[in-house]
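First up is the structure itself, then whatever we jot down about it.
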Amino acid sequence: MIVSVILCTYNRARSLSTALESVLASALPSPIDWELLAVDNNSRDRTREVINEFCLRHPGRVRYVFEAQQGLSNARNAGIREARGEILAFVDDDVTVEPTWLDNLTAGLRDGQWAGSGGRILPPQGFSPPPWLALQGPWGQGGVLCALFDMGDTAGQLKDEPPYGTNMAFRKEMFEKYGVFRTDLGRCGDSLIGNEDTEFGRRLMAGGERLRYEPFAVVYHPVPAERLNKRYFRAWWFAFGRAQMREKGPRKSVWGIPRCYFSLPNIALRFFLPQVVRSLLARDPHERFRRQCFACCMAGNMAEIWNLR
């Protein structure tokens with residue numbers, strides 16, 4: 001059996017070496033073999049040179065893949081096409097993983113009992129959020145800050161929330177059965193629109209496939225300085241709202257009238273305005289900011305509905 005690790009990268013030559021070194025410290029039990037595909041998504045920095053250095057240092061283990069079509073989904077799909085493995089694991093270009101990460105993430109997929117798996121994503125050790133930001137709890141926003149994914153110490157089936165793209169794995173046959181990542185979703189350039197990873201997970205769940213949570217497959221995600229401000233969070237939630245509507249796609253008209261003329265007032269009156277009012281009334285600063293972000297998400301919903309009309 002072969003496991004393929006797909007690491008997509010774009011203009012992150014500085015952090016890429018750390019991520020590659022971290023992944024290459026992984027070990028799998030014999031006779032399982034594994035490879036690391038570094039997919040260069042048309043970078044303009046030293047990305048190709050960095051990857052080629054690792055290809056020379058680890059011949060047969062590291063492969064360079066170039067994808068000219070911009071967008072994270074395009075890069076991941078290129079990795080899927082080039083992968084030799086029966087199990088495909090995905091990781092980002094700015095993270096560090098524990099040495100047991102790959103073994104723990106893929107162990108449950110080797111006998112066919114599970115279609116996919118997702119591991120724990122944690123902030124850097126010792127990180128303290130600013131006082132206006134809660135990472136966990138009812139108003140937590142760790143998923144926005146660093147794709148925080150922590151469901152505790154107990155492994156089990158994921159029933160409500162699919163895994164995140166920086167720490168997930170699937171049997172390759174799932175892509176043959178359900179298709180690949182949607183290219184109208186996923187980061188592209190400066191766009192914050194994502195959801196390509198969770199949309200694929202929801203696609204599998206809707207098809208009755210079983211996804212596993214593995215708490216001991218641990219990834220540490222950095223916190224870029226540019227994310228530690230409220231402007232970033234509002235922009236992220238607006239993009240998330242757009243991605244939600246894009247994932248659903250345009251809906252059929254009602255009596256010949258485009259559904260957007262019904263949906264826009266409904267969202268504005270039932271969701272957007274109430275969140276604005278509740279944010280003004282909230283005493284807890286974490287609740288107040290989270291409700292402001294909810295309102296930004298609703299604004300993104302309405303903007304994308306109008307775009308899809």
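Here, each number is a calculation from the coordinates, and none is a lab measurement. Here the structure is a predicted model, which means the values were calculated and not measured. Backbone-built Cβ (ideal geometry, glycine too); neighbour counts: all protein chains shown.
Computed about its Cα centre, the charge dipole of the chain is approximately 1380 debye, with only Lys, Arg, Asp and Glu carrying charge at their Cβ. Of 154, 189, 22, which is farthest towards the positive pole of the stretch 2-227's charge dipole, taken about the Cα centre with +1 and -1 on the beta-carbons of Lys, Arg and Asp, Glu respectively? So the residue furthest toward the plus end is 189. Farthest towards the positive end of the charge dipole of the chain, among the residues 105, 117, 163, is the Cα of 163, using unit charges on the Cβ of Lys, Arg, Asp and Glu.
Length available on full extension from residue 52 to residue 69: 0.36 nm per residue minus the Cα-Cα distance, which gives 4.1 nm.
With bins 20 Å wide beginning at 0, the percent of Cα pairs of the chain falling in each bin runs 31, 57, 12, 0.
Axis of helix 13-24 versus longest Cα principal axis of the chain: the two differ by about 60°, to the nearest ten degrees. Think of the chain as a dipole: +1 on every Lys or Arg Cβ, -1 on every Asp or Glu Cβ, centred on the Cα centre; then among 58, 296, 215, 296 lies furthest on the positive end. Tell me, what is the FRET efficiency for residue 184 and residue 2 to the nearest 0.05, using R0 = 22 angstrom and their Cβ-Cβ distance as r? My answer for the efficiency is 0.10.
When 198, 154 are sorted by how many other C-beta atoms sit within 10 angstrom of their C-beta, beginning with the fewest, the order is 154, 198. For the pair residue 27 and residue 284, a Förster radius of 41 Å applied to the C-beta separation gives a FRET efficiency near 0.35, rounded to the nearest 0.05. Result for the chain in a Gaussian network model with C-alpha springs under 10 Å: among 12, 227, 57, the largest mean-square fluctuation is at 57.
Under 5 Å between amide hydrogens, built in the peptide plane, is the criterion, and for residue 195 it picks out 186 among residues at least 5 positions away or on other chains.
Highest mobility in the GNM of the chain, judged by mean-square fluctuation with C-alpha springs under 10 Å and restricted to 79, 108, 194, is found for 108. Label sites at residue 309 and residue 81, each approximated as a point 7 angstrom past Cα along Cα to Cβ, lie 3.7 nm apart. Model label sites at residue 216 and residue 113, defined 7 Å from Cα along the beta-carbon direction, differ in position by 1.4 nm. Each residue of the stretch 136-151 is assigned a 3J(HN,Hα), and the resulting list reads 10, x, x, 10, x, 10, x, x, 6, 5, 8, 6, 4, 9, 9, 10 Hz, derived from the Karplus form 6.51 cos²θ - 1.76 cosθ + 1.60 (θ = phi - 60°), x at Gly and Pro. The ranking of 103, 45 by Cβ neighbour count inside 10 Å, starting from the fewest, reads 45, 103.
Each peptide in 269-280, 174-185 receives the mean, over its residues, of other Cβ atoms within 10 Å, and ordering these scores from highest gives 174-185, 269-280.
Full extension of the segment from residue 127 to residue 17, taken as 0.36 nm per residue of separation minus the current Cα-Cα distance, would add 37.4 nm. Computed over the chain, relative contact order equals 18 percent, with contacts defined as Cα pairs under 8 Å that lie 6+ residues apart.
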